[in-house]
1. Give the residue that is farthest from the chain's Cα centre (by Cα), with candidates limited to residues of region 332-369 that are surrounded by fewer than 17 Cβ atoms within 10 Å (Cβ to Cβ) and basic (Lys, Arg).
2. Of the residues that sit in region 281-318 and are surrounded by 17 or more Cβ atoms within 10 Å (Cβ to Cβ) and of a type in the set (Phe, Trp, Tyr), which one is modelled with the lowest pLDDT?
3. For a quick check of your reading of the model, give me the residue pairs whose first member lies in region 149-167 and is farther than 12 Å from Val89 by Cβ, whose second is outside any helix (DSSP H, G or I), with beta-carbon atoms closer than 6 Å and at least 6 apart or on different chains.
4. Can you name every one of the helices (runs of 4 or more DSSP H) wholly within region 265-362 that holds 3 or more residues which are among the charged types (D, E, K, R), free of Cβ contacts under 8 Å to residues at least 24 places away in the same chain and outside the structural domain of Asp94 (by TED's automatic domain parsing)?
5. Can you give me the ranges of the helices (runs of 4 or more DSSP H) entirely in region 1-87 with at least 1 residues that are crowded, with 19+ Cβ neighbours inside 10 Å?
Amino acid sequence: MHTLLTILRTIILFGAIQGFIVSCLLFFSKKSRLSNRLLAWLILLFSLACFNLFGSYQNWFGSPLISFIAQFIPLVVIMPIGPLIYFYVRATMDAQFRIGRKERFQFYPIIVDVVPQLAVIIFVIGVITNQLANRPGPWGAFIDNYNVYADIPRWMSVTFYLWLSEKYLRQLKSRYNGHLNGLALNYNWVRQFVRVFLGFQALWLVYLVPYVIPKYTDYMLDTFDWYPLYIPLAVLIYWLGIKGYAIAQRDLPKRGHAGSASLSFSEIQENLSNLRAAMEIKKMYLNPDLSLPIVSQYTGIPQKTISAVLNQHLHKSFAGYVNEYRVGAFKEKIMEADMNQFTIAGIASACGFSSQATFRRTFRQIAGMSPSEYIHSNAAAE
């Protein structure tokens, strides 16, 4: 049994050591990106918790002086973890994401983690100023009870931000119709990242439910101690240290290149909105001589950006994008037109097609049948 405990504690210690090393590497990395710094803080908080547990096992805080000093230093800090996870996901997917006042406000619940230290400070100051009796017993009992029930808001906070992260990723995938392309590698990583944390939350919940019930609290600690949570936490640190650090060292596309991965989500959406307005409101697709330079001049969007946004985020070429509008216009016109007065070629020409061969080929690619077959199928349906 002693050998097993030694192995388990060594795993926790090595997790803390690796976490400290990786967090330092990320903090001082030449690739000074917000996502790297957020990941560094996340790993550091996990490492401090593991270090604190291992130190208690080894009785590092046994001497009166060190024990007294340790009362003022919060080593188990959980409330910032939820926001760090959510902001890391966003910063990884959006190079333009920044932490402003609204985001910083979400770190304020850290007060939940430092209540024990605040209680110690109040007690010490009260004793020194003769405002409180030098009876630490009730204060220690309060801190012990508080530490048990503080895990409830902690678990809820991390779970809430994981839900926000999942929601953000679903909306992101839906926004690009599943064609993430240049963002696919980052998306796959953060999706895996969130799911691993959801698994840890499930494990934490299984431990937490009996732990917060007074008659089972001591039983849980005496029987299992903290190993069911801290061994997976140490493994999580190893994983983040290896996989997360490797992801953090990848080069991101530079702004100004043909790729649009460096564009923020808001910029991509703005460009797509401007293109849709040019097609749906201005109906530029009706111009048979329409070209990329003409659209660029009208919208003010650089040609390379238009191509990149269409290729990487709609999975379409410029010609394919325009021709979809022309085919859609053709379908609308044949519903209104008297086919005895108009020819297919005439309607196609009115919809912006300058070549009948291009029209027939494009129509079949999009509709899955020839224009004549489409017209007959609609006539039969009527």
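The values are calculated or read from the model by the stated rules, or taken from the named source; none is laboratory data. This structure is a prediction, so every number in the text was calculated from the model and none was measured. Neighbour counts are summed over all protein chains in view; Cβ atoms, including those assigned to glycine, are modelled from backbone coordinates with ideal geometry.
1. Step by step, filter region 332-369, then rank; the result is Lys333.
2. Looking at the filtered set, the residue picked out is Phe318.
3. From residues that are farther than 12 Å from Val89 by Cβ, the pairs are Arg154/Ile78; Ser157/Met79.
4. Details: elements: 265-280, 292-299, 303-313, 318-336, 344-350.
Helices (runs of 4 or more DSSP H) meeting the threshold: 318-336.
5. On the way: elements: 2-27, 34-57, 64-70.
Once the helices (runs of 4 or more DSSP H) in region 1-87 are filtered for at least 1 residues that are crowded, with 19+ Cβ neighbours inside 10 Å, what remains is 2-27, 34-57.
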